[in-house]
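Peer 1: Next up is a structure, given as structure tokens.
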Amino acid sequence: MALDTVAVATANPETSQPFAELGLKPDEYARIKEILGRRPTSSELAMYSVMWSEHCSYKSSKVHLKQFGDKAVKTDALLVGIGENAGVVDVGQGYAVTFKIESHNHPSFVEPYQGAATGIGGIVRDILTMGARPIAVMDPLRFGPADAVDTRRVLPGIIAGVGGYGNCLGLPNIGGEVVFDETYLGNPLVNALCIGVMKHSDIKLAKAAGAGNLVVLYGAKTGGDGIGGVSVLASETFESTGPAKRPAVQVGDPFVEKVLIECSLEIFAADLVVGIQDLGGAGLSCATSELASGGSGGMRVELDRVPLRDASLSPEEILMSESQERMCAIVEPKNIDKFLEICKKWDVTVTVIGEVTDGDRLEITWHGELIVDVPPRTVAHEGPVYNRPLAKPEYVDRVNAEVIDVALPSTAAEIKAAVLKLAGAPNLADKSWVTAQYDRYVQGNTIQSQPDDSGMVRIDEKTNLGVAVATDANANWSYLNPYEGAKLALAEAARNIATAGAKPLAVTNCLNFGSPEDPGVMWQFAESVRGLADGCLEMGLPVTGGNVSFYNQTGAVAILPTPVIGVLGVIDDVRTRTPMSFDKAGLELYLLGDTENDIAGSEWAYLHGQRGGKAPIADLQREMRLIDLLVAGRIDKVFVAAHDLSQGGLSATLTEMVLRHNVGATINLENVGQMLISESPGRVVVAVENAKALGALASKFKISLTKLGVTGGDALQINDASIPLTELRKAHTETFPKLFG
Amino acid sequence: MKVGVVTFPGTLDDRDAARAVDAAGATSVALWHKEADLKGVDAVILPGGFSYGDYLRCGAISRFAPVMEKIIDAANGGMPLLGICNGFQVLCEAHLLPGALTRNHELHFLCHDQRLVIENTSTAWTSSFTKGQEVVIPLKNGEGSFQCDDPTLAMLEAEGRIIARYVGENPNGSRNLIAGITNERGNVVGLMPHPEHAINPLTGPTADGLGFFTSVLKAMVK
Amino acid sequence: MAKIVVDVMLKPEILDPQGSAVSAALPRLGFTFAKSVRQGKRFEIEVDGQPTPAQLAEVEKAAEKLLANPVIETFVVRVEN
């Protein structure tokens, strides 16, 4: 088939184009023609189709995500906000930290190892492209039931992929989640978070400024990865040999990315780039249109200069390729020699593919013929904006009205059985089988990692300045009340930062939902975003960026709404952090916070087949006072240990604390069933030597205090129930090896 | 006292090894794989990581780097040389040490705090320890299973050239629980676990790893 | 087009956990024919024209030096058409 150039398109307006197969609606296709004043070439059609897709354009979510900007608290700490590759916050001492979370759900279902691996690769490049050295990763993961056949198909590969890619990059994995629920069968969620650190002056943005500056592509060569649907266009260029379909899955090479990181950091240190963008979803289409949009608006690219792994790729395929480990930099001509020299030192493929122009069009040629001539903003930023219909689903009121009637433990035997059952439940069991596959030590700055409440990394070896990150979601609560569920997840992540004594600073989010074409799902999404935005405003935490993943559903059944919230915090001296648990006897254990009858949405209720009831209502003022108390307590050295409560309630928290250093505890609880099982938010267990100092803190910050007991012994004693640590450890640690071998 | 730390493409724990060298009281010197120049260092460390992505075999390509020619010469002349993890793999591929490291027997990458017993304290890198001393040092690799033929194993045992063994369950299938070995002369040591990650209880399980780095200072003074 | 093929296998006495894993997986999928499985590597080398004996000798040296680790692996060099 002849090359579809701008000239050909202009001369042949009636040519039928497969816009529908590429996911474009008739009115969108019409709009493209209106923008261009003619029909698009097949390359332009490919670019618009992929850049206007839900994944790239956020067309269904934009109107709601606007709230993060509208309701944003004004803060000097936010150096780069939403809209760039990742947000950047000031953490003091001249350091800026960039962090972001993203999803790679559907590819991980198709090809678990590579889906997870390239998910890590992609988020790391987003951080690198801001000018930062990536310093840590985290992986919140969600799977179908632990004993389901398909979970056994996807889980090992996903874990191996996260580890295989992250370990090879030299990034410590400092935390994550592993959650099992029927809702994720067929729709596993692979969310990946990365943190990077730099000095303020190092921040890089994605803009192509300065006519005459060079557009430079470096990193891996381009192949046919991830083209998927665009082959519809390209298939006409193939003659014989049947369905030689291009792979829809991206395949990553972490060694190439590691070298890319080192090469890029040297380039940044030498101040050789004006703007930079990594190539992720939609590859070159995205990089060129975004860079051009970010700058003055003009760019010219010679597509045939792109170095290829596969010489048979068509221009449309090259534009759509999602080959990994590639970056696109804007470089002033005076710096190009040095740029090339650094790439040569690291044996990184590098090619000048174009230049910034002083026009306002993105022009792409193929062997001298113009195949793309578009206004870049219309591709990258002015995509369709949908105002999808939303309607509160009928289940909400019905399910909220359900009365939870699950039996709570009261006798000694029941208490022991309940604690052991929760300890061994897949959602609460020891995750060493997973986390031992991740390097937590590389770079030598990891202060906290799994199973601590938050991951913590030292960023200055002299001053001991550090940052902490935690991710949380509670799909049970989001299902019952998406507005409150989002607020509660935010509060939990912030509280996880604070238990170590770090101060929460900024927020990222990964919003995993079903189909936006379902008004009920859209309602859940809108409520979640509204809850998160309101929560962030009230807590004074800016949303720095994030990711939306729609269409997580099988047939007509959507996943439970799963907004994953990531909170970043700062600690001035990592040596003073409050550890999660105690290693000596004779300490007093207290519970901070109030316990209500919050059995609905709990792990206990879930294990007994009950998912209804009402979610708790978030009290963010109280959460904030608790956070302040925890930070003040660290500074005043009041706590020997602090561990927050979440899924599994007090039972899980005590289990984790006694097993950490193998020191038991003797606990006395009134209303023991509710105390052990309830999942009321805003609570932390602390171990102290000086109860008076704790009492003073609790009074000052107006947080309830309940004495639980003392540490010591070789059992977890709760009222009359005595659970030997050996038995508790066995129940807690045998679940994962039994399930996954 | 200068200790060179080599960086190959894909090396990961070079900065950590340098930190450990500095913490021990020596001065770390960065050595680039393409430069056949040891810059006057008194000892060399080949650090951990995934040099060349573990393509072909771990360490198989790194062993032919220009810097390696100089290192092999110097080691043959008695210069202390420590290979950690991937570095150990390079030393075996370069035939400075016998045997080879292969895939962990359970096929997973394994990162955990490993108890070791130090059995040979006469080498350049282990003199700070006492014979039979138990230490805890992070182990983190996918290809840490030490394999060799029976005659080699017998020789290593007979000559006391196993410098450290895993205590407890065999984490990776290594023959005779071998965690580290030395050459005949005692200047070249290969160690699978990562002492550079155990120099400070703030960031590692213990500070037991520091002993490897302080040992070489004594060796260089002699 | 002829090519030179080098097959590399672990020596019989060397632990092969990957081969063992494959051998354990086969019966789970209903394949019961295998007594044992060992996993190796195959290199395919293209040269101009038909491989010559001199080239094959060179490949033997290359296999000894790089493609295989003679401490734990054996190899076979042959021509495939």
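Peer 1: Among (1) in a helix (DSSP H, G or I); (2) surrounded by 24 or more Cβ atoms within 10 Å (Cβ to Cβ), where does A:GLU538 come up short?
Peer 2: (2)
Peer 1: Please state which of the following conditions A:ILE120 fails to meet, knowing it meets all the rest: (1) more than 13 Å from the chain's Cα centre (by Cα); (2) closer than 26 Å to B:TYR55 by Cα.
Peer 2: (1)
Peer 1: Restricting the range A:127-163 to residues that are surrounded by fewer than 24 Cβ atoms within 10 Å (Cβ to Cβ) and of a type in the set (D, E, K, R), which is nearest to the chain's Cα centre (by Cα)?
Peer 2: Only one residue tops the list, namely A:ARG133.
Peer 1: Residues to consider are B:VAL44, B:VAL21; find the one that is in contact with a Phe, Trp or Tyr (Cβ under 7 Å, 6 or more places away or on another chain), buried (at least 21 other Cβ atoms within 10 Å of the Cβ), among the aliphatic types (A, V, I, L, M) and farther than 22 Å from C:ALA62 by Cα.
Peer 2: Matching residue, one of B:VAL44, B:VAL21: B:VAL21.
Peer 1: If you don't mind, another one. Among the residues of the range B:175-203, count how many are surrounded by fewer than 24 Cβ atoms within 10 Å (Cβ to Cβ), touching a strand residue (DSSP E or B) at 6+ places or on another chain (Cβ under 7 Å), on the phi < 0 side of the Ramachandran plot and not basic (Lys, Arg).
Peer 2: Result for the range B:175-203: 3.
Peer 1: Okay, moving on. What number of residues within the range C:61-78 are away from chain B (no Cβ under 14 Å) and either at positive phi or surrounded by 15 or more Cβ atoms within 10 Å (Cβ to Cβ) (or both)?
Peer 2: 1
Peer 1: Is there any pair with a first residue in the range A:1-21 that is acidic (Asp, Glu) and a second that is at pLDDT 95 or above whose Cβ atoms are under 6 Å apart and which are 6 or more apart or on different chains, and what are they?
Peer 2: If the second residue must be at pLDDT 95 or above, the pairs left are A:ASP4/A:THR41.
Peer 1: Collect the residues in the range A:414-450 that are without any contact (Cβ under 8 Å) to a residue 40 or more places away in the chain, facing chain B (nearest Cβ under 7 Å) and farther than 19 Å from A:GLY466 by Cβ, keeping them in residue-number order.
Peer 2: Of everything in the range A:414-450, just one residue is without any contact (Cβ under 8 Å) to a residue 40 or more places away in the chain, facing chain B (nearest Cβ under 7 Å) and farther than 19 Å from A:GLY466 by Cβ, namely A:ALA436.
Peer 1: Please enumerate the residues belonging to the range A:654-691 that are of a type outside the set (A, V, I, L, M, F, W, C), farther than 23 Å from A:ALA500 by Cβ and out of contact with any helix residue (DSSP H, G or I) (no Cβ under 6 Å at 6 or more places or on another chain).
Peer 2: Those that are of a type outside the set (A, V, I, L, M, F, W, C), farther than 23 Å from A:ALA500 by Cβ and out of contact with any helix residue (DSSP H, G or I) (no Cβ under 6 Å at 6 or more places or on another chain): A:THR666, A:ASN668, A:GLU670, A:ASN671, A:GLY673, A:GLN674.
Peer 1: Still on this model: Within the range B:127-207, considering only strands (runs of 3 or more DSSP E) that don't extend past its boundaries, which have at least 3 residues that are more than 14 Å from chain A (Cβ to nearest Cβ)?
Peer 2: B:145-147, B:162-166, B:178-182, B:188-191
Peer 1: State which residue is farthest from the other protein chains (Cβ to nearest Cβ) when the search covers only the range B:1-52 and only residues that are among the β-branched types (Val, Ile, Thr) and not in a strand (DSSP E or B).
Peer 2: At the first step, the residues of the range B:1-52 found to be among the β-branched types (Val, Ile, Thr) are B:3, B:5-7, B:11, B:21, B:27, B:29, B:41, B:44-45.
In the following step, the residues that additionally are not in a strand (DSSP E or B) were identified as B:21, B:41.
Values: B:VAL21: 12, B:VAL41: 21 Å.
Once the filter is applied, the top-ranked residue is B:VAL41.
Peer 1: Would you be able to say whether some residue in the range B:86-104 is in contact (Cβ under 8 Å) with a residue 12 or more places away in the chain and either more than 17 Å from the chain's Cα centre (by Cα) or surrounded by fewer than 19 Cβ atoms within 10 Å (Cβ to Cβ) (or both)?
Peer 2: Taking every residue of the range B:86-104 in turn, at least one turns out to be in contact (Cβ under 8 Å) with a residue 12 or more places away in the chain and either more than 17 Å from the chain's Cα centre (by Cα) or surrounded by fewer than 19 Cβ atoms within 10 Å (Cβ to Cβ) (or both).
Peer 1: In the range A:663-741, which strands (runs of 3 or more DSSP E) lie fully inside it and hold 1 or more residues that are closer than 30 Å to A:LEU626 by Cα and in contact (Cβ under 8 Å) with a residue 12 or more places away in the chain?
Peer 2: A:665-667, A:684-688, A:705-711, A:715-718
Peer 1: Yes or no: A:LEU630 among the aliphatic types (A, V, I, L, M), under 30 Å from A:ALA696 (Cβ atoms), crowded, with 23+ Cβ neighbours inside 10 Å and over 28 Å from the mean Cα position of the chain (by Cα)?
Peer 2: When the stated conditions are applied, A:LEU630 does not pass them.
Peer 1: Restricting the search to the range A:341-397, which residues are assigned to a strand (DSSP E or B) and over 30 Å from A:ARG31 (Cβ atoms)? Give the derivation first.
Peer 2: First pass over the range A:341-397, keeping only residues assigned to a strand (DSSP E or B): A:350-357, A:362-366, A:369-374.
The answer is A:VAL350, A:THR351, A:VAL352.
Peer 1: Something else about it: Considering only residues that are out of contact with any Phe, Trp or Tyr (no Cβ under 8 Å at 6 or more places or on another chain) and either facing another protein chain (nearest Cβ under 9 Å) or not in a helix (DSSP H, G or I) (or both), which ones fall in the range A:152-169?
Peer 2: Residues of the range A:152-169 that are out of contact with any Phe, Trp or Tyr (no Cβ under 8 Å at 6 or more places or on another chain), as a first pass: A:153, A:159, A:165, A:169.
Answer for the range A:152-169, where residues must be out of contact with any Phe, Trp or Tyr (no Cβ under 8 Å at 6 or more places or on another chain) and either facing another protein chain (nearest Cβ under 9 Å) or not in a helix (DSSP H, G or I) (or both): A:ILE159, A:LEU169.
Peer 1: Residues A:LEU568, A:LEU505: which one is touching a residue at least 12 places away in the same chain (Cβ under 8 Å), under 30 Å from A:LEU465 (Cβ atoms), in contact with a Gly (Cβ under 6 Å, 6 or more places away or on another chain) and in a strand (DSSP E or B)?
Peer 2: Exactly one of A:LEU568, A:LEU505 is touching a residue at least 12 places away in the same chain (Cβ under 8 Å), under 30 Å from A:LEU465 (Cβ atoms), in contact with a Gly (Cβ under 6 Å, 6 or more places away or on another chain) and in a strand (DSSP E or B), namely A:LEU505.
Peer 1: Does the range C:29-52 contain at least one residue that is part of a helix (DSSP H, G or I) and either small (Gly, Ala, Ser) or away from chain B (no Cβ under 14 Å) (or both)?
Peer 2: Within the range C:29-52, none of the residues are part of a helix (DSSP H, G or I) and either small (Gly, Ala, Ser) or away from chain B (no Cβ under 14 Å) (or both).
Peer 1: Does any residue in the range B:160-172 that is at pLDDT 95 or above and surrounded by 23 or more Cβ atoms within 10 Å (Cβ to Cβ) come within less than 6 Å, Cβ to Cβ, of a residue that is assigned to a loop (DSSP other than H, G, I, E, B) and polar (S, T, N, Q) six or more places away or on a different chain, and which pairs are these?
Peer 2: B:ILE163/B:ASN120; B:ILE163/B:THR123; B:ILE163/B:THR126; B:ASN172/B:ASN104
Peer 1: Assuming A:THR351 fulfils every condition listed in (1) touching a Pro at 6+ places or on another chain (Cβ under 7 Å); (2) free of Cβ contacts under 8 Å to residues at least 60 places away in the same chain apart from one, which condition is it?
Peer 2: Every condition holds for A:THR351 apart from (2).
Peer 1: What tally of residues in the range A:94-121 results from selecting those that are out of contact with any Ser or Thr (no Cβ under 6 Å at 6 or more places or on another chain) and either among the hydroxyl-bearing types (Ser, Thr, Tyr) or farther than 17 Å from A:LEU511 by Cβ (or both)?
Peer 2: Looking only at that region, the number is 17.
Peer 1: Now for a separate question. Scan the range B:109-120 for residues that are assigned to a loop (DSSP other than H, G, I, E, B) and either within 14 Å of B:ASN176 (Cβ to Cβ) or facing chain C (nearest Cβ under 10 Å) (or both) and report the count.
Peer 2: Adding up the residues that qualify gives 2.
Peer 1: Looking for whichever is touching a strand residue (DSSP E or B) at 6+ places or on another chain (Cβ under 6 Å), surrounded by 15 or more Cβ atoms within 10 Å (Cβ to Cβ) and aliphatic (A, V, I, L, M) here; the options are A:VAL63, A:VAL80, A:VAL8, A:VAL50. Which one fits?
Peer 2: Going through A:VAL63, A:VAL80, A:VAL8, A:VAL50 in turn, just one is touching a strand residue (DSSP E or B) at 6+ places or on another chain (Cβ under 6 Å), surrounded by 15 or more Cβ atoms within 10 Å (Cβ to Cβ) and aliphatic (A, V, I, L, M): A:VAL80.
Let's see how each residue does on (1) buried (at least 17 other Cβ atoms within 10 Å of the Cβ); (2) within 14 Å of chain B (Cβ to nearest Cβ); (3) in contact with a Leu (Cβ under 7 Å, 6 or more places away or on another chain); (4) of a type in the set (D, E, K, R):
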residue	(1), (2), (3), (4)
A:GLN324	yes, yes, no, no
A:VAL331	yes, no, yes, no
A:ASN335	yes, no, yes, no
A:PHE339	yes, no, yes, no
A:ILE342	yes, yes, no, no
A:LYS345	no, yes, no, yes
A:VAL350	yes, no, yes, no
A:TRP366	yes, no, yes, no
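Peer 1: Right, something else. Any chance the range C:24-37 includes a residue that's more than 18 Å from the chain's Cα centre (by Cα) and either among the hydroxyl-bearing types (Ser, Thr, Tyr) or within 24 Å of B:CYS148 (Cβ to Cβ) (or both)?
Peer 2: Taking the range C:24-37 as the starting set, the residues that turn out to be more than 18 Å from the chain's Cα centre (by Cα) are C:24-35.
From what is left, the residues that are either among the hydroxyl-bearing types (Ser, Thr, Tyr) or within 24 Å of B:CYS148 (Cβ to Cβ) (or both) are C:32.
Checked the range C:24-37: at least one residue is more than 18 Å from the chain's Cα centre (by Cα) and either among the hydroxyl-bearing types (Ser, Thr, Tyr) or within 24 Å of B:CYS148 (Cβ to Cβ) (or both).
Peer 1: Looking at (1) away from chain B (no Cβ under 13 Å); (2) within 30 Å of A:ARG152 (Cβ to Cβ), which one does C:PRO17 not meet, given that it meets all the others?
Peer 2: If we test C:PRO17 against (1) away from chain B (no Cβ under 13 Å); (2) within 30 Å of A:ARG152 (Cβ to Cβ), just (1) comes out false.
The values are calculated or read from the model by the stated rules, or taken from the named source; none is laboratory data. If you're wondering where the values come from, they're calculated on a predicted model, not measured in any experiment. Every residue, glycine as well, gets a Cβ built from its backbone with ideal geometry; the counts of neighbours run over all protein chains shown.
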